[in-house]
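Peer 1: The following block contains the structure, expressed as structure tokens.
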Amino acid sequence: MKAFKYLALGLLMTTGFSSCSSDYLETEDHEYLDSETAGVAAGHNPAVFLNGMWSFMVDTYNSSHDSFNYMASLHAMDLMGEDMVMAGSAHFIYDYQHDNRMWDYRRVNVYWGTFYTLISKANEIIGLYPNGASTDGEKALIGQAKAIRGYSYNCLIQLFRNYVNADGTINMEQKGLPILLTEADGYSTAELDALKGVNTVKAVFEQAGKDLEEGAALLDSANYVRENKDYIDANVAYGLLARYYLTTQQWDKAANAANKARKGYKPMDNAGLHDGFYDLKNKEWMWGFDHSTETSTVYASFFSMISNLTPGYAGLGYAPKLIDARLYNLIPADDYRKTQFNGAEGDSSQPTAAAQRPYANVKFGTDGNWTMDYVYMRAAEMYLIEAEALVRQNKNTEAATVLKELMAYRQPSWNKTSVTLNEVLLQRRIELWGEGFSYFDLKRNNLGIDRTYEGSNHMTKIVVPAQDVRWTYQIPQTEFNENKLLNVDEDQNP
């Protein structure tokens with residue numbers, strides 16, 4: 001049986017993060033909680049068991065300034081595309097140069113450790129309920145755990161396997177990754193052990209989909225109202241599900257899930273687009289992390305790396321982040337988002353030398369404190385997923401109708417009655433710049449990059465074609481050392 005000594009310790013340590021208090025927290029001060037007691041406690045207050053998970057997502061790994069878990073992963077992946085320029089040699093330079101994928105590199109361990117730790121934390125919660133959820137509180141808790149577990153598997157398989165064929169279809173029979181579940185998922189000990197082996201891409205995607213579908217259904221049926229946007233509610237769960245359906249090319253389901261996800265949300269206006277993307281209260285933000293002085297990681301943080309306005313690594317000039325000149329030139333002059341970036345002439349009125357540079361982004365951050373919030377999901381993404389999924393079904397007119405709802409807040413003159421796939425993908429690149437989507441979009445669409453074009457402002461001018469091994473990370477050496485079901489000669493990526 002699973003011991004709950006450390007689970008109890010985690011419960012007691014995380015109560016300080018919750019705005020609510022309950023009598024059971026004051027009475028259960030024992031060396032350990034048995035499974036029944038822990039399950040009851042968790043069902044009463046889901047926030048207590050989830051706060052540790054959200055805090056982990058923003059924590060640092062081995063005190064390295066480029067390893068702050070989830071947002072560090074997204075930032076590293078963004079720099080592998082061609083839309084973001086790194087103007088200096090500092091943290092994340094090897095990601096920018098496509099030279100950070102080998103099995104003994106720290107980045108590989110950060111990716112693997114971030115998402116498999118989230119899976120393990122989710123399993124601790126799911127394992128408390130061998131008979132499933134019976135109350136709304138339990139549904140809310142298990143629903144969030146399954147949503148984050150499914151999302152983690154969806155990210156891992158994209159990072160660590162070349163799952164797309166040269167013709168753009170998904171290679172479901174390609175070798176996959178270990179799947180970690182619990183007896184509460186209906187498996188025997190022997191079956192759970194076997195799942196820790198290679199599996200297939202199909203098996204990993206199926207588990208991701210099952211978790212996300214069940215998570216969304218549980219949160220929906222519980223009518224869960226979260227304490228704040230740190231937590232996953234039904235809208236966010238449907239948003240994560242929409243991402244999964246987009247990756248797995250289930251277009252009709254992607255459109256429907258994205259439509260459900262954005263219910264109750266509207267795109268931010270022009271003022272919101274220029275507020276620094278640091279406040280969780282923004283009406284368009286669906287999910288994120290509300291930083292405080294206690295959770296801030298200062299220089300080892302997203303804003304330190306992305307913001308040319310904040311006095312971190314980018315703002316101090318070590319590695320300013322710019323928009324690709326070619327992408328900037330594709331943004332119409334009357335599009336509100338164009339002024340999130342400087343033009344070719346720069347902007348001497350900006351407060352830092354980094355923000356004054358040609359093509360510098362001024363989308364993120366301020367010159368204020370280090371408690372700026374992280375954005376994980378916005379409603380705009382859901383409009384874009386829905387539009388793309390409709391285009392993929394040759395519903396180009398319907399896609400334009402959906403996209404027009406977003407563009408009314410971005411470029412009011414936009415009035416297309418039909419859109420192509422490339423037009424939708426361009427809007428994704430403009431709208432979601434710097435928010436962690438570039439790598440996933442390039443890989444799922446079987447696209448490469450070319451930074452060598454005439455007039456390129458990239459410091460590292462390289463061509464990385466689709467299907468190049470540099471798009472897929474090697475499995476960490478530590479996993480082969482510890483997991484005897486994996487064979488390095490047979491299961492490692494090239």
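Peer 1: If the requirement is being hydrophobic (A, V, I, L, M, F, W, C), surrounded by fewer than 16 Cβ atoms within 10 Å (Cβ to Cβ) and within 26 Å of residue 72 (Cβ to Cβ), which of these qualifies: 333, 353, 344, 300?
Peer 2: Exactly one of 333, 353, 344, 300 is hydrophobic (A, V, I, L, M, F, W, C), surrounded by fewer than 16 Cβ atoms within 10 Å (Cβ to Cβ) and within 26 Å of residue 72 (Cβ to Cβ), namely 353.
Peer 1: Show the residue pairs meeting these rules: Cβ distance below 8 Å; 6+ apart or different chains; first residue within region 325-342 and modelled with pLDDT of 95 or more; second residue in a strand (DSSP E or B) and of a type in the set (Gly, Ala, Ser).
Peer 2: 341/360; 342/360
Peer 1: Same structure, new question: From the set of residues in region 292-309 that are touching a residue at least 40 places away in the same chain (Cβ under 8 Å) and over 21 Å from the mean Cα position of the chain (by Cα), which is farthest from residue 372 (Cα to Cα)?
Peer 2: Step by step, filter region 292-309, then rank; the result is 308.
Peer 1: A further question on this structure: Quick test for you: out of 375, 402, pick the one residue that is at pLDDT 95 or above, closer than 30 Å to residue 88 by Cβ and either among the small types (Gly, Ala, Ser) or buried (at least 21 other Cβ atoms within 10 Å of the Cβ) (or both).
Peer 2: Only one candidate passes the filter, namely 375.
Peer 1: When you scan region 78-86, do you find a residue that is surrounded by fewer than 22 Cβ atoms within 10 Å (Cβ to Cβ) and either assigned to a helix (DSSP H, G or I) or without any contact (Cβ under 8 Å) to a residue 60 or more places away in the chain (or both), even just one?
Peer 2: no
Peer 1: Of the residues that sit in region 106-161 and are aromatic (Phe, Trp, Tyr) and either at pLDDT 95 or above or in a helix (DSSP H, G or I) (or both), which one is nearest to residue 238 (Cα to Cα)?
Peer 2: Looking at the filtered set, the residue picked out is 151.
Peer 1: Also, I was wondering about something else. Consider residue 173 carefully, then state whether it is out of contact with any His (no Cβ under 7 Å at 6 or more places or on another chain), in a helix (DSSP H, G or I) and not basic (Lys, Arg).
Peer 2: Spelling it out, it is not the case that residue 173 is out of contact with any His (no Cβ under 7 Å at 6 or more places or on another chain), in a helix (DSSP H, G or I) and not basic (Lys, Arg).
Peer 1: Given the conditions (1) over 20 Å from residue 370 (Cα atoms); (2) of a type outside the set (Gly, Ala, Ser); (3) surrounded by fewer than 19 Cβ atoms within 10 Å (Cβ to Cβ), which single one is not true for residue 262?
Peer 2: (3)
Peer 1: Now for a separate question. Given the structure, is residue 396 exposed (fewer than 14 other Cβ atoms within 10 Å of the Cβ), under 23 Å from residue 379 (Cβ atoms) and in contact with a helix residue (DSSP H, G or I) (Cβ under 8 Å, 6 or more places away or on another chain)?
Peer 2: no
Peer 1: May I pose another question? Identify the single condition in (1) buried (at least 16 other Cβ atoms within 10 Å of the Cβ); (2) over 15 Å from residue 247 (Cα atoms) that residue 160 does not satisfy, given that it satisfies every other one.
Peer 2: The number of the failed condition is (2).
Peer 1: Identify the residue in region 352-368 that is more than 24 Å from the chain's Cα centre (by Cα) and at pLDDT below 95 and, among all such residues, is nearest to residue 455 (Cα to Cα).
Peer 2: It comes out as 367.
The values are calculated or read from the model by the stated rules, or taken from the named source; none is laboratory data. Note that this is a predicted model, so its numbers are computed, not measured. Glycine also receives a Cβ, built like all others from the backbone with ideal geometry; neighbour counts cover every protein chain displayed.
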